[in-house]
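A short reminder: the numbers here are calculations on the coordinates, not readings from a lab. Keep in mind the model is a prediction, meaning the values are calculated, not measured. Heads up, the Cβs are rebuilt from the backbone with ideal geometry, glycines too, and the neighbour counts pull from every protein chain shown.
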Amino acid sequence: MKTNFVLAFLMITGASSLPAQDNQIVLYPDSARHEISRHIYGHFSEHLGRCIYGGFWVGEDSEIPNTGRIRTDVVEALKEIAIPNLRWPGGCFADEYHWMDGIGPRDKRPTMINTHWGGVTEDNSFGTHEFLELCSLLDCEPVICGNMGSGTVREMSQWVEYLNSDNISPMTNLRRENGQEQAFGVKYWGVGNENWGCGGRMTAEYYANELRRYSVYCKNYGENKLYRVACGPYDENYHWTETLMKDAQTRNSFQGLSLHYYTVRGDWSSKGSATDFSEADWFTTMQKTLKMDEFIQKHSEIMDKYDPEKTKGLIVDEWGNWHDVEPGTNPGFLYQQNTLRDALVAAVNLNIFNNHCDRVKMANIAQTVNVLQSVILTEGEQIVRTPTYYVFKMYMVHHDATLVPYRISSEDYSVDDQSIPAIHVSCSKGEYGKMHLTMANLNPNIGTNMECIVEGMESIKVTSVEIITAGSMNAFNDFGKNEAVNIRSFDDVFVKENTLTINMPPRSIIQITMQ
Ligand code: AHR
């Protein structure tokens, strides 16, 4: 049996009693304090494979329904899950992207080679204005990642000025010539990406200096105050976090610190198939994805030392499952299918981000369409909503809601001599006091009878219960077929006074709305 806590908040509640039995959750709605930013439900789209080209952007005379070459079906699907932000143009691509190549008349834009991703020719037809048009159609915040690796301070500074200034200047005049009178007012800026790796192989100390310099020249214009996201660590690279946090000048150069952690079932040379896997593979995937909690906790502890008021956000701007590419597809395009296993991974990570919402202010799944753990896959004019898509849909209830602290004791899910807790949860309180409990059963074989007690309430009323599950661990949604994985209603939940009993099927995700 494992007992877990949403620790930080127990200090506030002063609540001391542990759950009395196995498989029990105790919720403390009266102690809810911290907002779960909707930006935790953000997305990431890079010039990589068929994410931008084919995923969002279609050919000039395409028969696929579009608005100014942006796919209508993809926009509609993403609007249904209210994506709050979109990070662009990379990833590794960001540090070789020169934004001025992607503005002005399209037939005059230079081409380049996308050296990171398949060595394909990038024609720059999708550039800054096209990206901002996409964000406006999606009604979401743009998150632009600037080029520190191979760019210049001047280039990044001019990009900010071009987009955000309303003064008269060569940059703002250029923007007006390109059809945009008003400043766009882009708030979120990444100052480089993975600069310890594909973004320039810098040391933490060297990057910290560069960050200070870049940040001085990426200015605030008018009312728009930039939210600068510094390149942060990967996995357990705690030295990077310490270096960026310990010095006040460096710390004052950013508002958010990024963290990248991908769930890789095997090693980088053999990650394993997205659809063809064993129970041992499923278990390892879950075990590795749970490491996200440890990484966030330990990076947060370092941040807490220097920023106890939590003014800096931890921005998990790349996360998700990274499998081997689908057989027969370009290895540089990172195209992978998406199964119920991916849905469970999404549920666990989103629960983790919710539970750390006092520090985690934004997260971006990699990547929105046709790359890595996508919410959407396309093939020509066809579109598929993946199991991961349905988790984002189910978890919309947590957008900007208030985290409800809890204690949980869960039985273990064990394979060979390894064990993890079978049940993983988060809970929030939204409008009109409605509470939303999201639970994932990581055990693919055994259902669990969970008891949930709501402290401080004499009785509760359950108004809806939804479930995501399927007949097999590797069920997926495929082109031209009925969906194997989506959201259904569920009724195996019983209420008595302030206590729920939930019969959670194996390999399932459940959302309970109650008040
Ligand atoms: O998402 C794919 C790549 O993974 C990104 O370009 C890079 O930042 C990370 O290594």
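Of everything in region 331-385 that's of a type in the set (Asp, Glu) and away from the ligand (no atom under 16 Å from the Cβ), which residue is surrounded by the most Cβ atoms within 10 Å (Cβ to Cβ)?
Within region 331-385, the match that is surrounded by the most Cβ atoms within 10 Å (Cβ to Cβ) is ASP358.
Checking LEU86 against (1) within 16 Å of the ligand (Cβ to nearest atom); (2) among the aliphatic types (A, V, I, L, M); (3) without any contact (Cβ under 8 Å) to a residue 24 or more places away in the chain, which single condition isn't satisfied?
(3)
I need the full set of residues from region 135-172 which are touching a strand residue (DSSP E or B) at 6+ places or on another chain (Cβ under 6 Å), in a helix (DSSP H, G or I) and over 19 Å from GLN367 (Cβ atoms), in order please.
Residues satisfying the conditions are MET156, ASN164.
Quick check: is even one residue across region 111-122 under 14 Å from ASN147 (Cβ atoms), within 16 Å of the ligand (Cβ to nearest atom) and assigned to a loop (DSSP other than H, G, I, E, B)?
yes
Which one of ARG154, ARG176 is surrounded by fewer than 13 Cβ atoms within 10 Å (Cβ to Cβ) and under 27 Å from HIS116 (Cβ atoms)?
From the options ARG154, ARG176, the qualifying one is ARG154.
Criterion first (under 27 Å from ALA363 (Cβ atoms) and buried (at least 19 other Cβ atoms within 10 Å of the Cβ)) does ASN124 satisfy it?
no
Could you look through region 173-196, keep only residues that are free of Cβ contacts under 8 Å to residues at least 40 places away in the same chain and part of a loop (DSSP other than H, G, I, E, B), and pick out the one that is nearest to the ligand (Cβ to nearest atom)?
GLY185
Assess whether MET245 counts as being more than 16 Å from the ligand (Cβ to nearest atom) and surrounded by 19 or more Cβ atoms within 10 Å (Cβ to Cβ).
yes
For the list (1) in contact with a Ser or Thr (Cβ under 6 Å, 6 or more places away or on another chain); (2) without any contact (Cβ under 8 Å) to a residue 40 or more places away in the chain, I need the number of the one condition that SER414 fails.
All conditions pass for SER414, except number (1).
Hey, among VAL465, VAL485, VAL454, which residue is under 26 Å from SER374 (Cα atoms) and crowded, with 20+ Cβ neighbours inside 10 Å?
VAL485 is the lone residue from the list that is under 26 Å from SER374 (Cα atoms) and crowded, with 20+ Cβ neighbours inside 10 Å.
I'm told LYS79 meets every condition in (1) of a type in the set (Lys, Arg); (2) within 16 Å of the ligand (Cβ to nearest atom); (3) surrounded by fewer than 19 Cβ atoms within 10 Å (Cβ to Cβ) except one. Can you identify the failing condition by its number?
Of everything listed in (1) of a type in the set (Lys, Arg); (2) within 16 Å of the ligand (Cβ to nearest atom); (3) surrounded by fewer than 19 Cβ atoms within 10 Å (Cβ to Cβ), LYS79 misses just condition (2).
Identify the single condition in (1) part of a loop (DSSP other than H, G, I, E, B); (2) out of contact with any Ser or Thr (no Cβ under 8 Å at 6 or more places or on another chain) that LEU132 does not satisfy, given that it satisfies every other one.
Just one mismatch for LEU132, condition (1).
Does at least one position in region 151-163 carry a residue that is under 30 Å from THR289 (Cα atoms) and more than 16 Å from the ligand (Cβ to nearest atom)?
No - not one qualifying residue is present in region 151-163.
If I filter region 63-76 down to residues being closer than 25 Å to TRP117 by Cβ and assigned to a loop (DSSP other than H, G, I, E, B), which single residue comes out as farthest from the ligand (Cβ to nearest atom)?
GLY68
Does any residue in region 269-284 that is assigned to a helix (DSSP H, G or I) come within less than 6 Å, Cβ to Cβ, of a residue that is of a type in the set (D, E, K, R) and surrounded by fewer than 12 Cβ atoms within 10 Å (Cβ to Cβ) six or more places away or on a different chain, and which pairs are these?
Cβ pairs passing all conditions: none.
Would you point out the residue of region 23-50, among those that are within 16 Å of the ligand (Cβ to nearest atom) and out of contact with any helix residue (DSSP H, G or I) (no Cβ under 9 Å at 6 or more places or on another chain), that is nearest to ALA363 (Cα to Cα)?
Filtering first and then ranking leaves GLY42.
Name the residues in region 228-263 that are in a strand (DSSP E or B) and within 17 Å of GLU309 (Cα to Cα), would you?
GLY256, LEU257
Going residue by residue through region 316-326, is there one that turns out to be in a helix (DSSP H, G or I) and farther than 27 Å from ASP304 by Cα?
Looking for residues that are in a helix (DSSP H, G or I) and farther than 27 Å from ASP304 by Cα, one finds none in region 316-326, hence no.
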